[in-house]
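Please read the structure below before turning to the comments.
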Amino acid sequence: MLPHLPERRHTPPQILLPNNGVAQEEAELTWKEKEDQLERMEPKRIINMSVNDHVQLNKAEKAWKPSTNKSVCSSQPKKQEERDSEQTKDLLKKFRSILNKLTPQKFEKLMTQVQMLTIDTEERLKDVIDLTFEKAISEPAFSEIYAKMCSFLNGLKVQSKENPECQADFRKLLLNRCQKEFEKDKDINEEEKQRSVGNIKFVGELFKLQMIREVVMHDCIMKLLENHDDQSLEVLCKLLSTIGKDLDVKKQKHRVDQCFQQMEKIIKERKTSSRIRFMMQDVLDLRTNNWVPRRVIQGPKTIDQIREQAKMEEQMEGPHHLRPRPAQNQNAPRQDFWESRQRTRPY
């Protein structure tokens, strides 16, 4: 009988890997941690150098050299253009502010400020003329003061942009602007009509200040008479009311006579509206009355002139406490405040 032996259990063979824990630990490390670990393992080198020592660097045969930055060079003209544009905007802003403040009393003071402005290019000169022109035709009642300012700037000249050898003249550019507006094809609307009337009023004020020749004004009158439309005849009446006294002189009196003969003929034909015929008749009566208007046209005034006019009106009317009170109807029943109130409930 065999002795009882204990049962043997089968165990799988164990494979022993060298440094198994270290390999697993290295596999779990990130790239950055591995680089840090390698840096710690490498021995540190200590190099003693003096600040005063000159270190000679190695030079390569085909070393890279920085080329010229074309973008920087090309941006320099752009920066100059932007700078000029900003200066032009600032100039026009100041000039527009002067136009808004322009009055007979502040004229001399504001013209001193205009002299300090840098109007040194043809573009800036044209912009200044455009602002003045648009302001003058939009406010015909103040065209006299704007024409006076143009007379102050009459001698202003700058170098021409197209031809550097020539100069751009303020007067020539201004007259070209007025002529362009005068010869422009007009649409039949209220806005264009107001622009035409404002332009011809401004032109008349420039003629009175001897900035436009007499021959040019006679040509304008003949062109307006040839058109025979209501808008042209209205502009003609406005022009003759402005400069008729200065044109009706001995030298050119025969041309003025021809103009008025044609106006009388147009009135008799009755082909225009009644408003235009009455307007032309008023101009005929104005010449008959030696160009003295029946009603004084109110233009821009100084504060001193307004105070003087108010003082004269007060003297004519008398003191305030002595002025007669408006008459009241004594027969009308007196309405008391309490009686006039509407009753909300019965007593």
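The values are calculated or read from the model by the stated rules, or taken from the named source; none is laboratory data. Here the structure is a predicted model, which is why all the values come from computation and not from measurement. A quick note on method: Cβ atoms are made from the backbone with ideal geometry, for glycine too, and the neighbour counts reach across all protein chains shown. Heavy atoms of the whole protein, side chains included, go into the accessibility calculation; ligands, DNA and RNA do not. Shrake-Rupley method; radii C 1.70, N 1.55, O 1.52, S 1.80 Å.
Annotations
- Amide H within-cut-off set for Gln167, under 5 Å, with H built and near neighbours excluded: Ser160
- Rolling a 1.4 Å probe over the protein heavy atoms of segment 124-245, with every protein chain left in place, gives an accessible area that is 46 percent carbon and sulfur.
- Simple spin-label estimate for Lys62 and Lys251 gives 8.5 nm between the two label positions (7 Å along the Cα-to-Cβ direction from each Cα).
- Per residue, segment 105-211 exposes 57 Å² of solvent-accessible protein surface, assessed with a 1.4 angstrom probe and all protein chains in place.
- Cα-Cα over 21 Å, subset of Lys135/Lys201; Lys148/Lys208; Lys94/Lys172; Lys208/Lys238; Lys148/Lys251: Lys94/Lys172; Lys148/Lys251
- Between Thr88 and His54, the contour length at 0.36 nm per residue exceeds the alpha carbon distance by 6.7 nm.
- Linear extension gain, Trp291 paired with Cys166, 0.36 nm per residue minus alpha-carbon span: 40.7 nm
- Using the average count of surrounding beta-carbon atoms within 10 Å as a protection proxy, the listed peptides 57-63, 84-90 rank, highest first, as 84-90, 57-63.
- Residues listed by number, segment 188-206, amide nitrogen under 15 Å from Ser151 label point at 7 Å toward C-beta: 202-206
- Peptides 145-158, 106-119, 227-240 ordered by average Cβ neighbours within 10 Å, highest first: 227-240, 145-158, 106-119
- In order along segment 287-293, the Karplus-derived 3J(HN,Hα) couplings, from 6.51 cos²θ - 1.76 cosθ + 1.60 at θ = phi - 60°, round to 5, 4, 8, 6, 6, 9, x Hz, and Gly and Pro are given as x.
- Using a simple spin-label model with pseudo-atoms 7 Å out from Cα toward Cβ, Glu81 and Glu183 lie 3.2 nm apart.
- Along segment 202-209 the Karplus relation, 6.51 cos²θ - 1.76 cosθ + 1.60 evaluated at θ = phi - 60°, assigns HN-Hα couplings of 5, 4, x, 5, 5, 5, 5, 9 Hz to successive residues, with x for each Gly and Pro.
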